[in-house]
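The values are calculated or read from the model by the stated rules, or taken from the named source; none is laboratory data. Given the structure is predicted, the values throughout are model-derived calculations rather than measurements. Glycine also receives a Cβ, built like all others from the backbone with ideal geometry; neighbour counts cover every protein chain displayed. These accessible areas exclude ligands, DNA and RNA; they are computed on the full protein's heavy atoms, side chains included. Shrake-Rupley method; radii C 1.70, N 1.55, O 1.52, S 1.80 Å.
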Amino acid sequence: MTVHERIELGFERWGHFVFRARWYVIASVLVLTGFLVSFLPQLETDFSGLGYLDKRDPSRVVYEKFREQFGTEGRILIGLNPPEVFDLGFLELLRELHTDIEKEVPHLDEINSLINARHTRGEGDRLIVEDLMEAWPESETDLEKLRERVYANPLYVNTVISESARFTSINVSANTYSSAGAEESELEGFDEDDGRGTLRTGEEEKELLAALESVVNRHRTGDYPIYVIGDMIMKHRLTDTSRRDMTVFSSMTILSIILLLFLLFRRTSATLLPMLVILASVLATLGAMAMLGYPFTATMQILPSFLIAVGICGSVHLLAIVYQNLGRGLEREDAIAAALAHSGLAIVLTSATTAGALGSFASASVAPVAHLGIISPIGVFLALLYTLTLLPALLSLAKLRPPSVGSEVRQRTSDWLVRIGEFGTRRPGFVLGFTGLLLLVAIAGLTRIHFAHNVIRYLPTSDPLRMATELLDEELGGSETLEILVDAGSENGLHDPGLLKNLDRIMGMASDYEGSIAVGKATSIVDVLKETHQALNENRSEFYTVPEARPLVAQELLLFENSGSDDLEDLTDSQFQLARVTLQVPQGDGVDYLHLIEDLEPAFHDVIGEGVELTLTGMSVLSSRVFLQMYTSMANSYLIAFCVITTLMVLLIGRLGLGLLSMVPNLIPVVFVLGAMGWLDVPLNMSTLLIGSIAIGLAVDDTIHFMHKFTRYFEKTRSVSAAVHETLVTTGSAMLITSVVLSTSFMFFVFGYLTSMLTFGFLTASATMMAFFADILIAPALLTLIYGRDAAVEPGAGAA
């Protein structure tokens, strides 16, 4: 008895055991499911840019230290486009909107606009820091003076007004830390961190955004447009959209599979029982994700539909053989046991290869991808466990009868598949030659592939948030920031005029940068000092400079602190050792941020001098970091997936050469899809980079079923043609059905709102069907070429 025969006998015995101990099996599975599902309430969501990086990633650690010091995450930009900014009527409306936001929107840190922009001036030897519109304009003359004052101060341009004067903005900053934590601190009375340490909650963000939307909508009179953008808004838009899309994907997948199962088997039990098994495994997987503490991210939204589609494939193969056995007159117990003997090993191996392909993502540096690489194999193996335990146990309780209709359709389908396979065995040279030409075209497309990581482009071009972001980025110099942290190395180190002048030079270099992305604004403590120095020197423009003497710097900063303004808290620490330079940049691609950083960071270090530590951070830096990790993650995951699956294929077939050969049909769809992405200018982003490994994992499922049966029939017939014929007769229909199920499930992603999911779904569905045709056409041609044309005999001759 061969090893395969022993394994098949083991599966047959398992089938008899499950049938006879069905209630114990069902109870055990229910206990496991209940345990995992109990963790579901703990499942969190994270669609923030920070969530792309592991908590231990150095870039994220630096950013969180920055946030701890300055607490500035959560900026919302409100852009207004009136016919004329410097108009008394509009300014009244702007003041009302500013005031209403200040009064009605909770969890705010600060709000800045033309109404309260910092205006620093001197009167004699007095320093006065007040709101820009402390004295409200009453006439056209006052408006003209206001205009001159605004454009005389470089700090205002691209912050509260655009260069063109067509747009003005309100900058809203949310509290970084939870107000609940702050209230607890106030009750305790002796906590100096003012509630810091507990980040604001998702519920608080929802309250803020809902209140802000209500206020802004009330002020949308139709006289001019109002745009609202920001990272927080984008995060919640992605969260809501992804949840909605996931519900749509899962529902459509479930309905399509129910319909397909009913059309295939015409039995209620064959329709509902597999869905019950798979839904239980999906819920258990989500519970396992919550138990492990992994959040639900944008990348994870493919998981439920994927697990439903992949899990149902094993059930289809098992059910198809069960009903074939019933049609041959076997009793229910024997039919189930024989089906497990026939398909059990192939189902296990397909699950192992799919899990291996997806497990390749576990080594990724991008956190959501790594989490997918851990959770999805768990889900695949849970689906396998439920398929081999819960499904046979439930089938043992159902009244099983072979389908009474549909045999003619199945026969025609089988004949169609056999003809395709026979064409591959008769014309291997033509099939492989044509495939080679297509591969050359695809490989040429591979050289055109480029990477991208720009979350705003996940939204359609017609999306209001995307359109508003692109418009305000152009008009106001950017809605994103790149932060430069400068550590002077000692207390009061920022009183050094030389260091401050170097910071000024850095800001100038950034503002003058000409590259793939422009810096719209650079701000730091230097601006405060220059304003103060000018104000204390009769407000003369030539004194808008950094003082030459260290004592004078210290004195002027002290005067500014005593003026009543707390703006220095956002620019430096209390010891004047740590400075923050903020570069305002538009929403861009990770590669653009990477080029910006690569061009400027070395120059910044050269300027800042020795003894001073300079570090770049901010969401744009994190975006560039994600871009770099995407590149390495894709290369690693594809290599790992290929090695794992090749090893499993060799072990399955038992022959090194044939095992390696069987990988060719699995790689062809991946090369075709990636080549098409290159020719169609579709970038590799956080979603599409998953296609390669997922496609390999799915493609190999049909290959395993095909090669598993082919080797058995070939050993008996010694004829490639006969072995291909018998393989497609017995397994071809199930292969077609599972491929249709998988491709249909992914094709539903085209109904999603996010463009990234639309592209991912279409390409993955295409890869799945290409893999199927590669198995029934290219694989027979390759086998004929390897074993020789003379080995082929008439179909079915050896099978008898």
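Miscellaneous remarks
- For the range 38-84, the square roots of the Cα gyration tensor eigenvalues, ordered a ≥ b ≥ c, give a/c of at least 1.5 with a/b no greater than b/c, which places it in the oblate category.
- Accessible surface, the range 254-319, averaged per residue in Å² (probe 1.4 Å): 27 Å²
- The range 229-288: C-alpha gyration tensor shape, a/c 1.5 cut-off, then a/b vs b/c: oblate
- Peptides 360-366, 569-575 ranked from most to least packed, by the mean per-residue count of other Cβ atoms within 10 Å: 360-366, 569-575.
- Taking 7 Å steps out from each Cα toward its Cβ at S269 and D512 produces label points 8.2 nm apart.
- Accessible solvent surface per residue of the range 394-491, calculated while the other protein chains remain in place, 1.4 angstrom probe, Å²: 51 Å²
- Between the range 545-576 and the range 332-383, the alpha-carbon center distance in angstrom: 62 Å
- Rounded to the nearest whole angstrom, the semi-axes of the ellipsoid equivalent to the range 364-512, taken from the Cα gyration tensor as √(5λ), stand at 61, 29, 19, largest first.
- FRET efficiency, Q42 to N217 (Cβ-Cβ, R0 35 Å, nearest 0.05): 0.50
- Maximal additional length on extending the E144-R427 stretch stands at 93.5 nm, based on 0.36 nm per residue less the C-alpha distance.
- Cα-derived Rg over Rh, computed across the range 312-380 with Rh taken as Kirkwood radius: 1.23
- Furthest towards positive pole of dipole, S574, G588, P602, structure part the range 539-605, Cβ charges: S574
- Segment F262-Y224, extension gain: residue separation times 0.36 nm, minus the distance between their alpha carbons: 8.1 nm
- The M467 and F17 beta-carbon pair, evaluated with R₀ = 56 Å, returns a calculated FRET efficiency of approximately 0.35.
- Whole-angstrom gap from the range 583-623 to the range 252-324, using each part's C-alpha centre: 46 Å
- Share of carbon and sulfur in the accessible heavy-atom surface of the range 622-680 [1.4 Å probe, %]: 78 percent
- Relative contact order for the chain, counting Cα pairs under 8 Å that sit 6 or more residues apart, in percent: 19 percent
- Taking all pairs of distinct alpha-carbon atoms in the range 468-615, Kirkwood radius in angstrom: 16.1 Å
- Cα pair count fraction exceeding 24 Å, expressed as % - the range 458-546: 40 percent
- Note: the range 187-335, Cα convex hull, 207 Å³ per residue.
- Potential extension, K399-D240 segment - 0.36 nm per residue separation minus Cα distance: 52.9 nm
- Dipole check for the range 1-59: with +1 at the C-beta of Lys and Arg, -1 at the C-beta of Asp and Glu, and the Cα centre as origin, the magnitude is about 340 Debye.
- Over the range 283-434, volume per residue of the alpha carbon convex hull, in Å³: 167 Å³
- The alpha carbons of the chain occupy a box of 110, 54, 51 Å along the principal axes, longest dimension given first.
- Computed per residue of the chain from DSSP H runs no shorter than four, each worth -39500 (n - 2.57), the mean residue ellipticity at 222 nm is -20500 deg cm²/dmol.
- Label sites at M291 and L255, each approximated as a point 7 angstrom past Cα along Cα to Cβ, lie 3.3 nm apart.
- Accessible surface of the range 294-449, 1.4 Å probe, proportion on carbon and sulfur as whole %: 62 percent
- Rg/Rh, computed from the Cα trace of the range 57-146 with Rh as the Kirkwood radius, has the value 1.09.
- Virtual paramagnetic centre 7 Å along Cα→Cβ of L93, amide N under 14 Å, in the range 197-235: 216-227
- Our summary of shape: the Cα atoms of the range 627-742 have principal axis extents of 53, 28, 21 Å, ordered from largest down, in whole angstrom.
- Centre-to-centre separation between the Cα atoms of the range 681-744 and those of the range 419-497: 30 Å.
- Prolate/oblate/rounded label for the range 1-128 (Cα gyration tensor, a/c 1.5): prolate
- When the convex hull of its Cα atoms is projected in every direction, mean area for the range 568-690 (nm²): 12.5 nm²
- With every protein chain in place, the range 11-148: carbon and sulfur % of accessible area (1.4 Å): 51 percent
- Across the range 325-337, computed HN-Hα scalar couplings (Karplus, 6.51 cos²θ - 1.76 cosθ + 1.60, θ = phi - 60°) run 5, 5, x, 7, x, 6, 6, 4, 4, 5, 5, 5, 5 Hz from first to last residue, x flagging Gly and Pro.
- Computed about the Cα centre, the dipole magnitude for the chain is approximately 7040 debye when only Lys and Arg (+1) and Asp and Glu (-1) carry charge, each at its Cβ.
- Using a probe of 1.4 angstrom and keeping all protein chains present, the accessible surface of the range 650-705 works out to 26 square angstrom per residue.
- Positive dipole terminus of the chain, leading residue within S256, S541, G89 (C-beta point charges): S256
- Taking the square roots of 5 times each eigenvalue of the Cα gyration tensor of the range 687-743, largest first, gives ellipsoid semi-axes of 27, 12, 6 Å.
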